[in-house]
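Colleague: I'd like to ask some things about the structure below.
The values are calculated or read from the model by the stated rules, or taken from the named source; none is laboratory data. Bear in mind that the values here come from a model prediction, so they are computed numbers and not experimental data. Cβ placement follows ideal geometry from the backbone for every residue including glycine, while neighbour counts extend to all protein chains displayed. Surface accessibility is based on the protein's heavy atoms, side chains included, excluding ligands, DNA and RNA. Shrake-Rupley method; radii C 1.70, N 1.55, O 1.52, S 1.80 Å.
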Amino acid sequence: YQPSMNFTFEQPLLRDFGIAINQLNPSHPGSVQQAGLRSSGGRSEGILLTRIRYEQSKNEFERVVNVMLFNVEYAYWGLYASYFQLYAAEQGLRQAYVTWQLTKSELDAGKKTAHEVAQVRAQFANFRGQRNQALQTVLNWERQLRGLLNLPIEDGKRLVPADAPTLSP
């Protein structure tokens, strides 16, 4: 065996305006290296391009995190608002039920007609439909929030917002 070794030293001082071009390219421009040998050890980008791509990926990660936080916050406050709608619908349903019971007892006493009782009962049914719709809205917001938080869609527990929004004067 006869070992053989070649060394090459390149220094492009005035070629392509100094060191800035060397930071952009993976190897010196105009290099006369042998085929298959690269100064960077492989197919990598230059120093500046690598730094720019790193900053781009970091900024993209921050953007994705901010969008996710916005979506979680939006779903949380949507759930908060839907609970208030549900509460208002339940209050209306309770009052409509009491009104229907009173009107029914007045019908039995002869003070109201069957038509008036039917109107009050229809109003009670309307409030019951509104309450069911408000409950469906609560469940939809909760499902959306659970999906964003990577929680199981149904685990037998309800997500109830604990915070109140900060009000400004």
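Colleague: Would you point out the residue of the stretch 36-60, among those that are outside any loop (DSSP other than H, G, I, E, B) and basic (Lys, Arg), that is modelled with the lowest pLDDT? Before you say what the answer is, go through the steps one by one.
Modeller: Taking the stretch 36-60 and keeping what is outside any loop (DSSP other than H, G, I, E, B), we get 47-60.
Within this subset, residues satisfying the condition of being basic (Lys, Arg) are 51, 53, 58.
Numbers: ARG51: 82, ARG53: 87, LYS58: 97.
Filtering the stretch 36-60 for residues that are outside any loop (DSSP other than H, G, I, E, B) and basic (Lys, Arg), the one modelled with the lowest pLDDT comes out as ARG51.
Colleague: Pull out all pairs, ordered by first then second residue, where Cβ-Cβ is under 6 Å, the residues are six or more apart or on different chains, the first lies in the stretch 83-97 and is surrounded by 13 or more Cβ atoms within 10 Å (Cβ to Cβ), and the second is polar (S, T, N, Q).
Modeller: As it stands, the answer is ALA89/GLN130; ALA96/GLN123, since those pairs meet every condition given.
Colleague: Here's another thing I want to ask about it. Do you know which residues across the stretch 54-66 are open to solvent by 70 Å² or more (accessible area, probe 1.4 Å), closer than 30 Å to ASN140 by Cα and not aromatic (Phe, Trp, Tyr)? Spell out the reasoning first.
Modeller: From the stretch 54-66, those open to solvent by 70 Å² or more (accessible area, probe 1.4 Å) are 54-56, 58-64, 66; that's our starting set.
Narrowing further to those that are closer than 30 Å to ASN140 by Cα: 60-64, 66.
The answer is GLU60, GLU62, ARG63, VAL64, ASN66.
Colleague: Let me ask something else about it. Yes or no: ASP108 surrounded by fewer than 17 Cβ atoms within 10 Å (Cβ to Cβ), charged (D, E, K, R) and not in a helix (DSSP H, G or I)?
Modeller: When the stated conditions are applied, ASP108 does not pass them.
Colleague: Can you list residue pairs whose Cβ atoms sit under 7 Å apart, with the first residue in the stretch 140-169 being touching a residue at least 24 places away in the same chain (Cβ under 8 Å) and open to solvent by less than 70 Å² (accessible area, probe 1.4 Å) and the second being outside any loop (DSSP other than H, G, I, E, B) and of a type in the set (Phe, Trp, Tyr)? Count only pairs 6 or more apart in sequence or on different chains.
Modeller: These pairs meet every condition: LEU145/TYR76; PRO161/TYR76; PRO161/TYR80; PRO161/TYR83; PRO165/TRP77.
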